[in-house]
Structures are given as structure tokens and as C-alpha cells.
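Trainee: Before anything else, here's the structure in question.
The numbers here are math on the coordinates, done by the rules we state, and not lab data. All values reported here derive from a predicted model rather than from experimental measurement. Every residue, glycine among them, receives a Cβ derived from its backbone with ideal geometry; neighbour counts consider all protein chains shown.
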Amino acid sequence: MVASLRTQKRRTRIRDNQQCQICGEVLPVPFGRIEVHHIIYRCNGGSDELENLATLCDLCHAVIHDHMGPAWVGLSKVPTEKREQSKQILKQAQEEFESHLRLQIEERHRIQNELWSQWGITRRR
């Protein structure tokens, strides 16, 4: 039996060392917070198992969700002539984020370590 969602979120944050699994941001996040995301959404049958949970900063979490991303990134403030292109860029980011999070955790960490080291981000242990 899976522990409560609250417990699973705490375990996920501990497993991920309070570090966003997309951008590498760590607590304390400037002007934001760290959240736990369901990789396969609960409404689509996703579970609260640790394998289906990932720690994200609030910005990356907003980008990955259709209902949050456009408002969070200020899509309505983009000039009308550039809005469609901006929507496509946001959709591509969503797809890439989701694809990355669906990898097995070991593979995700391998890729993160490779990319983050290029960007000067250190994985917290």
C-alpha cells in the first residue's frame, strides 16, 4: 500500500534533495518554491508512487501544465503577432519536460549531471 500523498511528497523532496529535476534550482528558490509533480497526472490514472513523482520549482511546474504555463510565463503580454510562435515554444518546452521526467530516474540523473555540469549547476546529494 502506498503511503499518504503528503508522505510521498516529503519522500520525493528528500530523494531529489529539494532540487528541481528540470532546471536544478534548489531551496530556497528565489521568489518561489519547490513543488512535487505527478509525471502521469492523477486524473489520467497516475499513482502516488515515488516513481511517478518529481520535484520541480514552481516555474518549471507551471510550464509543464497547460492550465498554468501560459499565464505564468506571461503569454497574454506577448505581442499578438508573436503569440502563436510563443505558444509553440511553450508547447515544445512542455513536451521536452514531460519526456525528460518519464525517463527512469537513473537515466534522468545521468542526463542532468551531464547538462548541469555544462551549466555550472551542482547536483545536491
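Trainee: Which of VAL63, VAL78 has the fewest other C-beta atoms within 10 Å, and how do the rest follow up to the most?
Mentor: Going from sparsest to densest Cβ surroundings: VAL78, VAL63.
Trainee: Can I ask one more? For the chain, what does -39500 (n - 2.57) per DSSP helix run (n ≥ 4), summed and divided by total residues, give at 222 nm, in deg cm²/dmol to the nearest 500?
Mentor: Rounded to the nearest 500, the figure is -14500 deg cm²/dmol.
Trainee: Now a separate question. Taking the number of other C-beta atoms within 10 Å as the exposure measure, put LYS9, LYS87, LYS77, LYS82 in order starting with the fewest.
Mentor: Least to most surrounded, the residues fall as LYS77, LYS82, LYS87, LYS9.
Trainee: Count charges around ILE39 for me, please; just the other residues with Cβ under 9 Å from its Cβ, Lys/Arg as +1, Asp/Glu as -1.
Mentor: Combined, the nearby Lys, Arg, Asp and Glu give -1.
Trainee: Among (i) 1.43; (ii) 1.10; (iii) 0.99, which is the computed Cα Rg over 2.2 N^0.38 Å?
Mentor: Answer by label: (ii).
Trainee: Still on this model: Consider just the alpha-carbon atoms of the range 86-125 and return their Rg together with their Dmax, both in angstrom.
Mentor: 12.1, 36
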